[in-house]
Amino acid sequence: MKTIKVVMGLALAAVLTASCSGNEDEITKPVISDKNIVANPVDCQEYARGTVIPVQFAFHDDVELGSYNIEIHNNFNHHTHGTSATDCKLDDAKMPVNAWVFNQDYPIPAGRQDFVIRQDIKIPADIDPGDYHFMIRLTNKAGWQELKGISIKITK
């Protein structure tokens, strides 16, 4: 009888442990893609000061999308974010004088699994030209996030 109780206790502990531990393979992050669209911007594109960056990306999540963020910051020191395999020709490293910093959050309508963004971001006419990073962060309702970093250049 004591052996049966021990075996039952071990079996119960195994079941509880298996049900409480999450399987990382089951977690899916949202996806930033170019599915059925022409994504923009892409690595190494150049934009003139005073013009716009036409932004277009497709988003997908297997359950529900949440929001996205667009950030643009200088890359005058040649740092990386490790999200792109493309090497763009960089200007010489320099100290910023009037570098552009853009950081904006955007909601995605509730209940959406797929969403395409199309928007223009105005580039200020008086910023330092040079190398910049265009970062897009997509977050699903569960809080999982995907990051895409793109190297762009702002010209005079």
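Suppose we filter the stretch 99-154 for residues that are among the β-branched types (Val, Ile, Thr), out of contact with any Ser or Thr (no Cβ under 9 Å at 6 or more places or on another chain) and closer than 15 Å to Gln45 by Cα; how many remain? Don't jump to the end; show me each part of the working.
So in the stretch 99-154, the residues among the β-branched types (Val, Ile, Thr) come out as 101, 108, 116-117, 121, 123, 127, 136, 139, 150, 152, 154.
If we keep only those that are out of contact with any Ser or Thr (no Cβ under 9 Å at 6 or more places or on another chain) too, we end up with 101, 116-117, 121, 127, 136, 152, 154.
Imposing the further condition that a residue be closer than 15 Å to Gln45 by Cα reduces the set to 121, 152, 154.
Within the stretch 99-154, residues that are among the β-branched types (Val, Ile, Thr), out of contact with any Ser or Thr (no Cβ under 9 Å at 6 or more places or on another chain) and closer than 15 Å to Gln45 by Cα number 3.
Total residues in the stretch 57-81 satisfying the condition of being at pLDDT 95 or above and either among the aromatic types (Phe, Trp, Tyr) or under 12 Å from Phe134 (Cβ atoms) (or both): the figure is 11.
Give me the residue from the stretch 54-84 that is among the β-branched types (Val, Ile, Thr) and under 17 Å from Phe102 (Cα atoms) and, out of that set, surrounded by the most Cβ atoms within 10 Å (Cβ to Cβ). Before you say what the answer is, go through the steps one by one.
Within the stretch 54-84, the subset among the β-branched types (Val, Ile, Thr) is 55, 63, 70, 72, 80, 83.
Add one more test, that the residue is under 17 Å from Phe102 (Cα atoms), and what stays is 55, 70, 72.
Details: Val55: 16, Ile70: 19, Ile72: 23.
The qualifying residue surrounded by the most Cβ atoms within 10 Å (Cβ to Cβ) is Ile72.
Is one or more of the residues making up the stretch 36-48 at pLDDT below 70, open to solvent by less than 60 Å² (accessible area, probe 1.4 Å) and in a loop (DSSP other than H, G, I, E, B)?
Applying the first criterion (at pLDDT below 70) to the stretch 36-48 yields none.
The answer is no, given that none of the residues of the stretch 36-48 is at pLDDT below 70, open to solvent by less than 60 Å² (accessible area, probe 1.4 Å) and in a loop (DSSP other than H, G, I, E, B).
On the stretch given as the stretch 137-156, residues that are farther than 16 Å from Thr80 by Cβ, surrounded by 12 or more Cβ atoms within 10 Å (Cβ to Cβ) and within 14 Å of the chain's Cα centre (by Cα) total 7.
Which of the residues belonging to the stretch 85-99 are open to solvent by less than 50 Å² (accessible area, probe 1.4 Å) and either in contact with a Pro (Cβ under 6 Å, 6 or more places away or on another chain) or closer than 21 Å to Ala39 by Cα (or both)? Lay out the reasoning, then the answer.
The initial filter retains those residues of the stretch 85-99 that are open to solvent by less than 50 Å² (accessible area, probe 1.4 Å), namely 88, 99.
Once the filter is applied, which keeps residues that are open to solvent by less than 50 Å² (accessible area, probe 1.4 Å) and either in contact with a Pro (Cβ under 6 Å, 6 or more places away or on another chain) or closer than 21 Å to Ala39 by Cα (or both), the stretch 85-99 yields only Cys88.
For beta carbons closer than 7 Å, sequence separation of 6+ or different chains, a first residue in the stretch 26-38 that is of a type in the set (Val, Ile, Thr) and a second that is assigned to a loop (DSSP other than H, G, I, E, B), the qualifying pairs are Ile27/Trp144; Thr28/Asp62.
Taking the stretch 111-128, which residues are part of a loop (DSSP other than H, G, I, E, B) and surrounded by 11 or more Cβ atoms within 10 Å (Cβ to Cβ)? If the condition is that a residue be part of a loop (DSSP other than H, G, I, E, B) and surrounded by 11 or more Cβ atoms within 10 Å (Cβ to Cβ), then Arg112, Gln113, Ile123, Pro124, Ile127, Asp128 are the ones that fit.
For Asn69, the conditions (1) free of Cβ contacts under 8 Å to residues at least 40 places away in the same chain; (2) not in a loop (DSSP other than H, G, I, E, B) all hold with the exception of (1).
The values are calculated or read from the model by the stated rules, or taken from the named source; none is laboratory data. Please read all numbers here as calculations on a predicted model, not as lab measurements. Don't worry about glycine lacking a Cβ; one is built from the backbone with ideal geometry, like all the others, and counts go over all protein chains shown. In case anyone asks, the SASA skips ligands and DNA or RNA and just uses the protein heavy atoms, side chains included. Shrake-Rupley method; radii C 1.70, N 1.55, O 1.52, S 1.80 Å.
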